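**Q** I have a structure here, written as structure tokens, and I will follow up with some questions on it.
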Amino acid sequence: MSPGRDLLKPDMDALATVDRRLSVSFGVVIAALMSIVLLVGGIYMTRIMEYEERKLTTQLTQVLSSAISRVSFSGKYHAQLLLNDIKRAQPEIGYLRVTDRQGLVLASTEPELRDRPLPRAAMEQAVRALLNEDESLTRRLQQGDYPILEVTLPYRGGFDHSIQGVVQVGISLQKRDADLRQGMLLMAATVLLLLVLGLLLVGLLGRRFGNPVKQLASDLAATLQAVPDLMFELDLDGRYLQVMAQRQDLLMGTEEDILGRSVHDVLPGEAARAVHQALWEAMAKGQSYGHQIKLPLSLGVRWFELSVARKGGDIQARPRFIVLARDVTERVLAEREISLYANVIQHSSEAILITDHNNRIISVNQALMKYSGYSLEELKGQNPKVLSSGHTPRDVYRRMWASINQAGHWQGELWDRRKNGESYPKWVSISAIKNSQGQVSNYIASYTDITDRKLAEERIDYIAHHDVLTGLINRFSLEERLDQALHTAHHEGARLAMLFIDMDHFKDINDSLGHHTGDTLLVEVGKRLKALVEENDIVARIGGDEFVVVLAQAESSLKVASIAASLVQRLGEPYEIQGRVLRSTPSIGVCLFPDDGKDAEELMMNADMAMYHAKNQGRNRFQFFSMEMNLAIQKRLQLEQELRLGLEDDQLELYYQPICTAQGHASGVEALVRWNHPQRGLLGPDQFIPLAEDSGLILPLGAWVIEQACRQRASWRAEGLELSISVNLAVQQLYLEGLVEQVRQTMQGQGIGPGEIRFEITESTAMHDPQHAIEQLKKLRELGLDIAIDDFGTGYSSLAYLKLLPIDVLKLDRTFVKDIEHDENDVAICAASINLAHSLGLKVVAEGVENAAQQRFLLDHGCDLLQGYLFGKPMPAAEIPARVEQLARGSQNQPGQA
């Protein structure tokens, strides 16, 4: 027996042996029976050939499974080279494929399948093989016009020797089938010649019949020889029966020395035990994979990985095994190096994240899981943006990827979010890893949590920009923010106010009671200042007992004066410090931008001058820089004080103006407030309502109007007079949080039902905050109130929002009504507005109707309600019943009658 060349010989003998002596011994008997023998032999031979094909193909697949044992991003190239070498060595192989567990082709002799999912049928075969784990599956299929025998077998790899994917081998049966067909034709011819040729024909038939199988066996043997693994045939005791080695230096001696001896005689003890264990596993399961042995060879220590399969045959015969030993020394060393790197990564104090070329996370270390709060299972397969907090500007990400794509790396600061929702800053270094073809295979990112560093930086920055004592911004930061505020105000055409504050007699307190007491007082001053201004206003301590407040919204000088007065009052209240009650009043200088200064320096100087003027006037007061403005402001403040007293002393009164049908019958009234001023007489709303809105008095004033209107409605109802009352709502009222509850209580208190009270709001009021307005108005309507839009057409409302507002009535402004007799534009506007309102299901009230011609026009165009001097001026409640009666008698056509 020739070592290394007889692994297939026992099966060939079983198929090819035909006892030629039968031709001599039996003569004519063989000739008569040969047709039957040939027929049975053909069937038997075909089955044996299919069996040998399947077995040898499975053995080849097992060899490849062992060879491809650990395919990773660093091993795909070598796996592809191995498949190409085998394909070139054996053209009978139709194709070779290696996939991962998801069916993605990692290496293949079919270029179109690489890095793509398996075809559907092959995918189903791969899934069944993965479910069967270590068992191979075979199927026959057509590839073009030729039959293919395909074997699918899982392969194992990795540190835990888990199933990584499948190997698929397709062997073309074209040549075998052709040879078989040729043999069968020859067999038929032989039957015709048996009677003549006898034993000569038997021998010839045996030779011709055996050739296809021998050829196929020779082809598969050549394929096996193309595999670089060592191949052995062993029995269950570990005795070497056959050896095939392409490299003799990988053997523990010559083939002659090894044959017939046991592995315990040839290999080191630990290696021999591993081989014996693999044999018993294959005995029990049919195959065994993954056992590794270490051998001291002449070329140094080498590592081999074993793949063992039990040979088929008579189950009564002594079992034999095919053992493939793959030299995995380089892989083991690489794995150890990788393991070392992995340990370094896992135990690194820096968080490390690795993604594939599609930027999907494949691995993270312990530090990253600690920082983020996520586990590897939660992150695997995700894009790293799942960790993003959303605080990093998009431009940073654009620059980051540009650097990675161009230079292969980037480092910088990003903001992430932990699993618990907490955001934190990190310093990141990202590198692109490329394969041998220069393509990106992975990205690796390492980072450290720089929260402490950022806090330290923020603390330094805070100290640089803030007063350490009070926590307010300092002079340096004031200059920066004031420049920004002035730039914005100049660009938007807005006004700012600067208040320069100096605490009176602070030096006396500081000198007599000590710096600690003085510092505590300054801290309390800072708190009171912050509590009195808006969030976007600027409050700064510029030194000693001097403070500066910059008001971002200073459109109204009266509002500025009101705030200044509040500061004087609040800062002048007693301070309780360390058991003592201290008093220190403020002197405040006020100047406005752009009236009193064009830049920060000029404003500071003028505000300082005004502050000193306040001190000269007796302290505990504020002083505007302009004397004329100061006089005007004082006058407004006096009026505000008088209005407060007027509310308290019942100086306000509601007047009512009739609202009529288009035919002139009174259906309701509008409530209009008047002020019976003790010195100035009866004042209209235009003389004090703006003051009330600026000073905040509009809220108590508006509540009083609602209360009085409800009382009057209840009173008229008791008298049998059914008139709805319209009440105007200011913008501050509409957006008041407690408005709905306030109105509900008032209506319940007076017994007001649905439709008896109507609230009117202007377009600009509704558009101040449309969404909030819609919510408030819906709640008011639920109380049974009607809602009207006043002065329609004069504001800037959006029709998109207008249709969403829960309103019942549009009030057409008087500016469109007064000229409808001779202005075509007003005619068109009035007609269009009425049609628009009706199309939205709304009623229309036309304001400012003063003559019969206007009434006729509005009547002809379907206007629902009219209001104006034609039907009556605003009048006290006591005069309304008589006016309603006059209108009912038809006297409404006399303009100007009150």
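**Q** Determine whether Phe593 is crowded, with 18+ Cβ neighbours inside 10 Å and more than 16 Å from Phe506 (Cβ to Cβ). Quick ask: steps written out before the conclusion?
**A** On the way: crowded, with 18+ Cβ neighbours inside 10 Å: yes; more than 16 Å from Phe506 (Cβ to Cβ): yes.
So Phe593 fits the description; yes.
**Q** Given segment 227-298, what strands (runs of 3 or more DSSP E) lie entirely inside it while holding 3 or more residues that are surrounded by 20 or more Cβ atoms within 10 Å (Cβ to Cβ) and not hydrophobic (A, V, I, L, M, F, W, C)?
**A** On the way: elements: 230-235, 240-244, 287-297.
Of the strands (runs of 3 or more DSSP E) lying wholly inside segment 227-298, those with at least 3 residues that are surrounded by 20 or more Cβ atoms within 10 Å (Cβ to Cβ) and not hydrophobic (A, V, I, L, M, F, W, C) span 287-297.
**Q** Right, something else. Just the residues that are closer than 24 Å to Leu236 by Cβ, open to solvent by less than 20 Å² (accessible area, probe 1.4 Å) and free of Cβ contacts under 8 Å to residues at least 40 places away in the same chain, please, taken from segment 307-334.
**A** Within segment 307-334, just Val308 meets the criteria.
**Q** Let me ask something additional. Kindly list the number of the only condition in (1) of a type in the set (Asp, Glu); (2) at pLDDT below 95; (3) buried (at least 18 other Cβ atoms within 10 Å of the Cβ) that fails for Glu670.
**A** With respect to (1) of a type in the set (Asp, Glu); (2) at pLDDT below 95; (3) buried (at least 18 other Cβ atoms within 10 Å of the Cβ), Glu670 is out only on (2).
**Q** For segment 627-715, list the strands (runs of 3 or more DSSP E) that sit wholly inside it and hold at least 3 residues that are on the phi < 0 side of the Ramachandran plot; which are they? Don't jump to the end; show me each part of the working.
**A** Working: elements: 652-661, 666-677, 681-683.
In segment 627-715, 652-661, 666-677 are the strands (runs of 3 or more DSSP E) which contain 3 or more residues that are on the phi < 0 side of the Ramachandran plot.
**Q** Can you confirm whether segment 889-897 contains a residue that is farther than 12 Å from Ala662 by Cα, at pLDDT below 95, part of a helix (DSSP H, G or I) and open to solvent by less than 50 Å² (accessible area, probe 1.4 Å)? Talk me through it step by step, then tell me what you get.
**A** Initial filter on segment 889-897 (farther than 12 Å from Ala662 by Cα): 889-891, 894-897.
With the extra rule that they be at pLDDT below 95, the set shrinks to 889-891, 894-897.
If we keep only those that are part of a helix (DSSP H, G or I) too, we end up with 891.
Going one step further and asking which of them are open to solvent by less than 50 Å² (accessible area, probe 1.4 Å), we end up with 891.
Scanning segment 889-897, I find at least one residue that is farther than 12 Å from Ala662 by Cα, at pLDDT below 95, part of a helix (DSSP H, G or I) and open to solvent by less than 50 Å² (accessible area, probe 1.4 Å), so the answer is yes.
To keep it simple, each residue is scored yes or no on (1) acidic (Asp, Glu); (2) in contact with a Lys or Arg (Cβ under 8 Å, 6 or more places away or on another chain); (3) at pLDDT below 90; (4) not assigned by the TED database to the domain that holds Leu368.
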residue	(1), (2), (3), (4)
Met400	no, no, no, no
Pro425	no, yes, no, no
Ala445	no, no, no, no
Ile450	no, yes, yes, no
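**Q** A further question on this structure: Of the residues Arg302, Arg360, Arg331, only one is out of contact with any strand residue (DSSP E or B) (no Cβ under 7 Å at 6 or more places or on another chain) and modelled with pLDDT of 90 or more; which? First the steps, then the outcome.
**A** Working: Arg302 fails: out of contact with any strand residue (DSSP E or B) (no Cβ under 7 Å at 6 or more places or on another chain); Arg331 fails: modelled with pLDDT of 90 or more.
Within the list Arg302, Arg360, Arg331, the selection yields Arg360.
**Q** OK, next. Looking at (1) in contact with a Leu (Cβ under 6 Å, 6 or more places away or on another chain); (2) small (Gly, Ala, Ser); (3) within 27 Å of Tyr735 (Cα to Cα), can you tell me which one Ser695 breaks?
**A** Tallying (1) in contact with a Leu (Cβ under 6 Å, 6 or more places away or on another chain); (2) small (Gly, Ala, Ser); (3) within 27 Å of Tyr735 (Cα to Cα), Ser695 fails exactly one: (1).
**Q** Quickly run through segment 504-519 and pick out the residues that are at pLDDT 85 or above and either buried (at least 19 other Cβ atoms within 10 Å of the Cβ) or outside the structural domain of Ile473 (by the TED database) (or both). Walk me through it before giving the result.
**A** Let us first name the residues in segment 504-519 that are at pLDDT 85 or above, namely 504, 506, 515-519.
Answer for segment 504-519, where residues must be at pLDDT 85 or above and either buried (at least 19 other Cβ atoms within 10 Å of the Cβ) or outside the structural domain of Ile473 (by the TED database) (or both): Asp504, Phe506, Gly518.
**Q** Can you give me the number of residues within segment 548-595 that are among the polar types (S, T, N, Q), farther than 16 Å from Ala531 by Cβ and either in contact with a Ser or Thr (Cβ under 7 Å, 6 or more places away or on another chain) or not assigned by the TED database to the domain that holds Gln617 (or both)?
**A** Within segment 548-595, residues that are among the polar types (S, T, N, Q), farther than 16 Å from Ala531 by Cβ and either in contact with a Ser or Thr (Cβ under 7 Å, 6 or more places away or on another chain) or not assigned by the TED database to the domain that holds Gln617 (or both) number 1.
**Q** Can you tell me how many residues within segment 452-479 are open to solvent by 50 Å² or more (accessible area, probe 1.4 Å), more than 30 Å from Met400 (Cβ to Cβ) and either out of contact with any strand residue (DSSP E or B) (no Cβ under 6 Å at 6 or more places or on another chain) or assigned by the TED database to the domain that holds Ile361 (or both)?
**A** 5
**Q** Give the residues of segment 65-87 that are hydroxyl-bearing (Ser, Thr, Tyr), more than 15 Å from Ala334 (Cα to Cα) and at pLDDT below 55, sorted by residue number.
**A** Within segment 65-87, just Ser66 meets the criteria.
**Q** Here's another thing I want to ask about it. Looking at Ser108, Ser136, can you tell me which residue is over 30 Å from Met283 (Cβ atoms) and of a type in the set (S, T, N, Q)? So that I can check it myself, show each step before the final result.
**A** On the way: Ser136 fails: over 30 Å from Met283 (Cβ atoms).
Criteria check complete, one pass: Ser108.
**Q** Whether any residue in segment 92-106 is modelled with pLDDT under 85, in a loop (DSSP other than H, G, I, E, B), in the same structural domain as Gly157 (by the TED database) and farther than 13 Å from Gly165 by Cα is what I want to check.
**A** Yes - at least one qualifying residue is present in segment 92-106.
**Q** Considering only segment 531-552, I want to know if a residue exists there that is within 23 Å of His505 (Cβ to Cβ) and in a helix (DSSP H, G or I).
**A** Scanning segment 531-552 turns up at least one residue that is within 23 Å of His505 (Cβ to Cβ) and in a helix (DSSP H, G or I).
The values are calculated or read from the model by the stated rules, or taken from the named source; none is laboratory data. These numbers were taken from a predicted model, which means no experiment stands behind them. All Cβ positions, even for glycine, are placed from backbone atoms using ideal geometry, and neighbour counts span all protein chains on display. Accessible surface is based on the protein model in full, side chains and every heavy atom, while ligands, DNA and RNA are left aside. Shrake-Rupley method; radii C 1.70, N 1.55, O 1.52, S 1.80 Å.
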